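The values are calculated or read from the model by the stated rules, or taken from the named source; none is laboratory data. Computed from a predicted structure; not experimentally measured. All Cβ positions, even for glycine, are placed from backbone atoms using ideal geometry, and neighbour counts span all protein chains on display.
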Amino acid sequence: MKHVTIFTAILFSLLTMIQCSSSEKATLPAGSSWELLSITAGNGATLTAPAAEEGEEAVSITFGDSLQINGYSGCNYYFGVYNQGEDNSLSLEMQGITRRAGKNMEFEQLFISALQNVKSYTIEENSLILSDSLGNQIMTFSARTEPAKAE
């Protein structure tokens, strides 16, 4: 019995390591929420996401049930749908956004535009990397450790 328990523990450990080491077949789990770290502008410059001030939310995206997305874009909340393929392809379709003015409007426009250019994704450890149709990395997110703020 002791050997069976040890064998089971070793097998579980090996399967976990294999699953964690493969970023090629990673899927976006429903309910996963990500905070933006950086974004690549049209001129190729990489910009760091604006820091969330006290009482504010960080720029984010959440992949919900029924292929729904939602998040905070720096000034406004947005929502839409997504479709992911087996080959790590990903398309995001914006369906709506609130219309508040804010100090990060220029960054928000860049973010929304970048979301519409997403064609693929990669998950590496706690990072989500979104790329365009040429495979250029356009946004990098980190996994949120706390649930997204309710809208």
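Mind checking whether some residue in region 72-88 is of a type in the set (A, V, I, L, M, F, W, C), modelled with pLDDT of 95 or more, part of a strand (DSSP E or B) and over 12 Å from the mean Cα position of the chain (by Cα)? Checked against the condition, which is being of a type in the set (A, V, I, L, M, F, W, C), modelled with pLDDT of 95 or more, part of a strand (DSSP E or B) and over 12 Å from the mean Cα position of the chain (by Cα), region 72-88 yields at least one hit. Among the residues making up region 122-139, those that are crowded, with 19+ Cβ neighbours inside 10 Å and modelled with pLDDT of 95 or more are LEU128, LEU130, SER131, ILE138, MET139. The residues of region 34-76 that are surrounded by 13 or more Cβ atoms within 10 Å (Cβ to Cβ) and of a type in the set (Asp, Glu), listed by number, are GLU35, GLU56, GLU57. Restricting attention to region 41-65 and to residues that are of a type in the set (Asp, Glu) and assigned to a loop (DSSP other than H, G, I, E, B), the residue that is farthest from GLU106 (Cα to Cα) turns out to be GLU54. When GLY31, GLY42, GLY96 are checked against the criterion of being under 25 Å from GLY135 (Cα atoms) and small (Gly, Ala, Ser), a single residue qualifies: GLY42. Annotation note: Cβ proximity below 7 Å between a residue of region 133-151 that is under 19 Å from SER89 (Cα atoms) and a residue that is of a type in the set (Lys, Arg) and modelled with pLDDT of 95 or more (sequence gap 6+ or interchain) occurs for SER133/LYS119. Among the residues of region 86-114, write down those that are in contact (Cβ under 8 Å) with a residue 12 or more places away in the chain and under 15 Å from LEU47 (Cα atoms). The answer is ASN104, MET105, PHE107, GLU108, LEU110, PHE111, ILE112, ALA114.
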